[in-house]
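J.: Once you've had a glance at the structure underneath, I'll fire off some questions.
The values are calculated or read from the model by the stated rules, or taken from the named source; none is laboratory data. From a predicted model like this one, the values you see are computed outputs, not experimental measurements. Cβ: placed from backbone, ideal geometry, glycine included. Neighbour counts: every protein chain shown.
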Amino acid sequence: MPTRQGPTRHLIITGGVVSSLGKGIACASIGRLLINMGYRVKIQKLDPYLNIDPGTMNPFQHGEVFVTDDGAETDLDLGHYERFLGVPCTKGSTVTSGRIYQSVINKERAGKYNGGTVQVIPHVTDEIKGTIRGITGPDVDVVISEVGGTVGDIEGLPFMEAVRQLRHDVGRDNVAFLHLVYIPFIKAAGEIKTKPAQHSVQKLREIGLVPDFLLCRSEKPLAKGVKDKLALFCNVDLDKVIDLPDVPTSVYEVPQVLIKQNMAEVLCRRLGLPVKPCDMHAWDLMVGHIKKPKDTVKIGLIGKYIDHQDAYKSVTESVDHAAFSHLLKAEIIRIESESLEKDEHWVDKLKGLDGILVPGGFGKRGFEGKLKAIRYARENRIPYLGLCLGMQAACIEFARGVLNLAEATSVEMNEKTPHPIIVAMDSQKDVIAAGNLGGTMRLGAYPCTLVKKGSKTSKVYGNVEVVSERHRHRYEFNNAYRAQFEAAGLQFTGLYIPDPSQPEKSLVEIVELKDHPYFLATQAHPEFKSTPVAPHPLFRGFLGAAYKHKTGEAAAVSA
Ligand code: GLN
């Protein structure tokens, strides 16, 4: 392992003016540049809200819940981090105020503070600093910490104070502060305004933080005069005022935008790290594919949170990654599953799709609509990809449509069904009864053995024997129905086999319909492992099949 030159360096990223500016994308893009220079990077999100983790939060409010290999339910920004960096995050990559306070209170109850008065400063701030420094190690050159929220938020103050103190603890030269602000364009005046950014920097200074870099989010690139003004009034060197205008095609262009402004070099100099060549070859190639697709395919995403832009973020990203790799553009048509239940012309919504995807989900609402879409895909030989609930639903649809078990369903939807195709996992029964919902699902990575040589499943995975995928579920396929399904043409191509001497204890991980162009569904969440430079095999296979459905030809394969 190459040794690091000097101590771990820290990058702290805060946000100002408004939220939803893409701070996570900016952090991840900076991380990508450092990795392309050969540095070893870890990245984490500090979230000031009081939930212990986002696992119990409604996707309508907070977007998707991202899951790590080690089973943490996290903010979707960790998805951006993994997609840009290609480095798996861990439980330590995410921390909320809830978790910090829980830990402080547990210590207090255990008498760890020797009877002292427990306070925000120093106890909460020490806990935060411990968490930030906790993910460093001899194999880490740079730690990037994104502070969630906007400067001025009351709940963010302990985090701001902790990162202020960090500069003292690890040495001024080893920490750089980056502040991401919004620079609005006022249409009526025809002018770009820097005042909100100036005020935001003032707000930071009030609490003792002085940004080294100003990352400026705007609709259009900033004129030189605007940058000069920001440098002067925000007290930031001109070469550290970085322009982040909206990118025309894809967020994956952001690292290129940064490199054009010499950000990699300026950052290294600020942190006292050797400036190394930044190898953008693979990244540039990928962005080139995004910009020049040869054809388009229509993919129907059948879900119940489709109005929230980010509720299926990793799924839509994975579809895009697979599309780029075939030199295609995916047109993702979001279809509210409930609308398929109510609308008598529901078939019209599915006509013309080249592929149908049912992602993960919970509860009854919209479930019957998902089943309708799956039946349509099965009967009309349209490529289908089912993820988690999308696999459970595919099995239920097969039971109803092929095995004629009209009342078949999951016990999640009807506890008293005569045909419980999907049942609660043994390990989950007590948890469900107790209503103990936070962090208690079957979470994180488990191995899946690909048991059917020659199946499409094995083929798309490159004929390996075992794969590892991430999970987040409480229910599983009921093994009592396996033989009946298999005899009728639904194959179980991937199994989790905890004990080979007890095959009845294996868990169905992947199913595949025989005699269908592409009908694959998995209990796992492969969308959490796709990156733009390494698209996930199940999605690649799906997009390839969608293109074949559209044109009758095999899709291209990128270099
Ligand atoms: N609700 C189903 C279960 O808990 C599926 C979960 C999911 O799709 N993530 O098993």
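J.: Is it true that residue 522 is within 16 Å of the ligand (Cβ to nearest atom), within 20 Å of the chain's Cα centre (by Cα), under 21 Å from residue 325 (Cβ atoms) and not small (Gly, Ala, Ser)?
T.: Answer is yes for this residue.
J.: Cβ contacts < 6 Å: first residue loosely packed, with under 14 Cβ neighbours inside 10 Å, restricted to segment 208-234; second residue assigned to a helix (DSSP H, G or I) and of a type in the set (Lys, Arg), any location; separation 6+ or different chain. Result?
T.: 208/164
J.: Of all residues in segment 531-559, how many are over 19 Å from residue 287 (Cβ atoms), charged (D, E, K, R) and part of a helix (DSSP H, G or I)?
T.: Residues flagged as over 19 Å from residue 287 (Cβ atoms), charged (D, E, K, R) and part of a helix (DSSP H, G or I) within segment 531-559 amount to 2.
J.: Which residues, counting only those in segment 462-481, are touching a Pro at 6+ places or on another chain (Cβ under 6 Å) and either of a type in the set (A, V, I, L, M) or within 15 Å of the ligand (Cβ to nearest atom) (or both)?
T.: 466, 469, 478
J.: Please go through segment 502-523 and pick out each residue that is buried (at least 24 other Cβ atoms within 10 Å of the Cβ) and under 29 Å from residue 352 (Cβ atoms).
T.: Within segment 502-523, 510, 511, 518, 519, 520, 521, 522 meet the criteria.
J.: Out of all the residues in segment 479-493, which are in contact with a strand residue (DSSP E or B) (Cβ under 7 Å, 6 or more places away or on another chain), surrounded by fewer than 17 Cβ atoms within 10 Å (Cβ to Cβ) and in contact (Cβ under 8 Å) with a residue 40 or more places away in the chain?
T.: Passing the criteria: only 489.
J.: Moving to a separate point now. State which residue is nearest to residue 529 (Cα to Cα) when the search covers only segment 68-116 and only residues that are surrounded by 15 or more Cβ atoms within 10 Å (Cβ to Cβ) and among the basic types (Lys, Arg).
T.: Applying the filter and picking the extreme gives 83.
J.: Determine whether segment 504-513 contains at least one residue that is without any contact (Cβ under 8 Å) to a residue 24 or more places away in the chain, in contact with an Asp or Glu (Cβ under 8 Å, 6 or more places away or on another chain) and more than 19 Å from residue 300 (Cβ to Cβ).
T.: yes
J.: Then there is this: Every residue in segment 62-117 that is in contact (Cβ under 8 Å) with a residue 60 or more places away in the chain and over 13 Å from the mean Cα position of the chain (by Cα), please.
T.: Passing the criteria: 70, 71, 97.
J.: Just one of the numbered conditions (1) over 23 Å from residue 482 (Cα atoms); (2) surrounded by fewer than 21 Cβ atoms within 10 Å (Cβ to Cβ); (3) of a type in the set (Ser, Thr, Tyr) is not true of residue 547; which one?
T.: (2)
J.: Within segment 368-397, count every residue that is more than 14 Å from the ligand (Cβ to nearest atom) and part of a loop (DSSP other than H, G, I, E, B).
T.: 4
J.: Just to verify a result, which residue in segment 207-223, among those that are among the small types (Gly, Ala, Ser) and in contact with a strand residue (DSSP E or B) (Cβ under 9 Å, 6 or more places away or on another chain), is farthest from residue 182 (Cα to Cα)?
T.: Filtering segment 207-223 for residues that are among the small types (Gly, Ala, Ser) and in contact with a strand residue (DSSP E or B) (Cβ under 9 Å, 6 or more places away or on another chain), the one farthest from residue 182 (Cα to Cα) comes out as 223.
J.: Which residues, counting only those in segment 319-367, are within 30 Å of residue 287 (Cβ to Cβ), out of contact with any strand residue (DSSP E or B) (no Cβ under 8 Å at 6 or more places or on another chain) and part of a helix (DSSP H, G or I)?
T.: Within segment 319-367, 324, 325 meet the criteria.
J.: Just name the residue that is nearest to residue 28 (Cα to Cα) out of those in segment 136-183 that are among the polar types (S, T, N, Q) and surrounded by fewer than 20 Cβ atoms within 10 Å (Cβ to Cβ).
T.: Ranking the qualifying residues of segment 136-183, first place goes to 136.
J.: Look through segment 404-461, keep the residues that are part of a helix (DSSP H, G or I), at pLDDT 90 or above and surrounded by 15 or more Cβ atoms within 10 Å (Cβ to Cβ), and return whichever of them is nearest to the ligand (Cβ to nearest atom).
T.: 457
J.: Could you look through segment 180-207, keep only residues that are in contact (Cβ under 8 Å) with a residue 24 or more places away in the chain and farther than 24 Å from residue 146 by Cα, and pick out the one that is nearest to the chain's Cα centre (by Cα)?
T.: 185
J.: In segment 33-124, which helices (runs of 4 or more DSSP H) lie fully inside it and hold 3 or more residues that are within 28 Å of residue 165 (Cα to Cα) and either touching a Pro at 6+ places or on another chain (Cβ under 8 Å) or of a type in the set (Gly, Ala, Ser) (or both)?
T.: Once the helices (runs of 4 or more DSSP H) in segment 33-124 are filtered for at least 3 residues that are within 28 Å of residue 165 (Cα to Cα) and either touching a Pro at 6+ places or on another chain (Cβ under 8 Å) or of a type in the set (Gly, Ala, Ser) (or both), what remains is 97-109.
J.: If I ask for residues that are more than 12 Å from residue 509 (Cα to Cα) and hydrophobic (A, V, I, L, M, F, W, C), which ones from segment 458-489 would you list?
T.: Those that are more than 12 Å from residue 509 (Cα to Cα) and hydrophobic (A, V, I, L, M, F, W, C): 460, 464, 480, 483, 485, 487, 488.
J.: Somewhere in segment 496-508, is a residue among the aliphatic types (A, V, I, L, M), in a strand (DSSP E or B) and within 16 Å of the ligand (Cβ to nearest atom)?
T.: For segment 496-508, residues among the aliphatic types (A, V, I, L, M), in a strand (DSSP E or B) and within 16 Å of the ligand (Cβ to nearest atom): present.
J.: Test residue 528 against the criterion of being farther than 18 Å from residue 395 by Cα, assigned to a helix (DSSP H, G or I) and within 14 Å of the ligand (Cβ to nearest atom), and give yes or no.
T.: For residue 528, the condition - farther than 18 Å from residue 395 by Cα, assigned to a helix (DSSP H, G or I) and within 14 Å of the ligand (Cβ to nearest atom) - is met.
J.: In this structure, is residue 341 farther than 17 Å from residue 527 by Cα and modelled with pLDDT of 95 or more?
T.: No, not satisfied.
J.: Can you find even one residue in segment 462-478 that is among the small types (Gly, Ala, Ser) and buried (at least 16 other Cβ atoms within 10 Å of the Cβ)?
T.: Within segment 462-478, none of the residues are among the small types (Gly, Ala, Ser) and buried (at least 16 other Cβ atoms within 10 Å of the Cβ).
J.: State which residue pairs qualify: first residue more than 18 Å from residue 548 (Cβ to Cβ) and touching a residue at least 24 places away in the same chain (Cβ under 8 Å) and inside segment 342-362, second residue among the aliphatic types (A, V, I, L, M) and within 16 Å of the ligand (Cβ to nearest atom) in any location, beta carbons under 6 Å apart, and separation of 6 or more residues or different chains.
T.: Close Cβ pairs (under 6 Å, with a partner that is among the aliphatic types (A, V, I, L, M) and within 16 Å of the ligand (Cβ to nearest atom)) amount to 358/302; 358/393; 359/315; 359/387; 360/387; 360/389; 361/389.
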